[in-house]
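The values are calculated or read from the model by the stated rules, or taken from the named source; none is laboratory data. None of the values given here were measured: they were computed from a predicted structure. A quick note on method: Cβ atoms are made from the backbone with ideal geometry, for glycine too, and the neighbour counts reach across all protein chains shown.
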Amino acid sequence: MRVGIMGGTFDPIHTGHLIAAERARVEAGLDEIWLMPANVPPHKTNKPRATSHERWEMVCLAAEGNPFFRGIDIEIHKGGVSYSIDTIELLQRQYPEHEFAYIIGADMVEYLPQWHRIDDIVRLIHFIGLARPGYSLELNALPEAIRTRVQLVPMPMVEISSTAIRKYRAEQASVRYLVPDKVLHYMEVNRLYES
Ligand code: ATP
Ligand code: MG
């Protein structure tokens, strides 16, 4: 089975994530998409606004209704800082019969050389890269060992970010359609990102 892992802070998960995951699934012929919230993302200076539990619940709600999608809580369950190398090693030990790919947006493609132990990561897994407004998918800028492990797949530009959603929420502005309805409802009930 071929599994696409989409990691993220998902603070909150939004339609951009879901479109990217679905494009990757179809274009790269993946059997399943596992949406995986990070516990503590190593590359972010601000800690997530919502708790790990809240981000996990929103991921599960967003995955509902797509039979190819599911949430995976491996990083949240492990706790601490979520380094991809640890996760990949764990996944490959736990599911030796699966072939994994990491699904990432263009901002993360640009940032790949800075990933903790990227030289080890690219030996274990390949990446599926998708366009994102404001970032380049110019693979030539990447070292060869990384570049050759990134497959680009077409993606309509979607200018949605969790940062923008948190900002809208703080301004009491609507985020309807930027997130799935169930995620919107969850944010309202739990009064997330209201200030
Ligand atoms: P924040 O603004 O808080 O950083 P974000 O919208 O960037 O949130 P993340 O959880 O940081 O969301 O991103 C998880 C993954 O999803 C990353 O690989 C990122 O590149 C990708 N991604 C997020 N939004 C988009 C988008 N609109 N188009 C393509 N890829 C995206
Ligand atoms: Mg981000």
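One line per residue, one yes/no per condition, for (1) farther than 23 Å from Pro133 by Cα; (2) at pLDDT 95 or above; (3) of a type in the set (Asp, Glu):
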| position | (1), (2), (3) |
| --- | --- |
| Pro154 | no, yes, no |
| Val158 | no, yes, no |
| Arg169 | no, yes, no |
| Ser174 | no, yes, no |
| Asp181 | yes, yes, yes |
| Met187 | yes, yes, no |
| Arg191 | yes, yes, no |
| Glu194 | yes, yes, yes |
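None of Gly129, Gly80, Gly105, Gly134 is small (Gly, Ala, Ser), more than 16 Å from ligand 2 (Cβ to nearest atom) and within 27 Å of Pro48 (Cα to Cα) except Gly80. Summed over the range 90-107, the residues that are assigned to a helix (DSSP H, G or I), in contact with a Lys or Arg (Cβ under 9 Å, 6 or more places away or on another chain) and buried (at least 16 other Cβ atoms within 10 Å of the Cβ) give a count of 1. Taking strands (runs of 3 or more DSSP E) as the structural unit, those lying wholly within the range 1-89 and holding at least 1 residues that are of a type in the set (A, V, I, L, M, F, W, C) and within 10 Å of ligand 1 (Cβ to nearest atom) correspond to 2-8, 32-37. The residues of the range 90-147 that are over 21 Å from Gly29 (Cβ atoms), in contact (Cβ under 8 Å) with a residue 60 or more places away in the chain and away from ligand 1 (no atom under 15 Å from the Cβ) amount to a single one, His116. Taking residues in the range 51-67 that are aliphatic (A, V, I, L, M), and partners anywhere that are surrounded by fewer than 18 Cβ atoms within 10 Å (Cβ to Cβ), the pairs with Cβ atoms closer than 7 Å and at least 6 places apart or on different chains are Leu61/Lys182; Ala63/Arg70.
When Ile33 is tested against the conditions (1) under 12 Å from the mean Cα position of the chain (by Cα); (2) free of Cβ contacts under 8 Å to residues at least 60 places away in the same chain, the lone failure is (2).
Just to check your reading of the model, which residue among Gly7, Gly16 is out of contact with any helix residue (DSSP H, G or I) (no Cβ under 6 Å at 6 or more places or on another chain), closer than 16 Å to Phe127 by Cα, within 14 Å of ligand 2 (Cβ to nearest atom) and of a type outside the set (Ser, Thr, Tyr)?
None of the other options fit; the residue is Gly7.
Residues of the range 169-177 include at least one that is touching a Ser or Thr at 6+ places or on another chain (Cβ under 7 Å) and either of a type in the set (Lys, Arg) or without any contact (Cβ under 8 Å) to a residue 60 or more places away in the chain (or both).
Working only within the range 154-192, note down all residues that are assigned to a helix (DSSP H, G or I), within 16 Å of ligand 1 (Cβ to nearest atom) and of a type in the set (D, E, K, R). Passing the criteria: Arg166, Lys167, Arg169.
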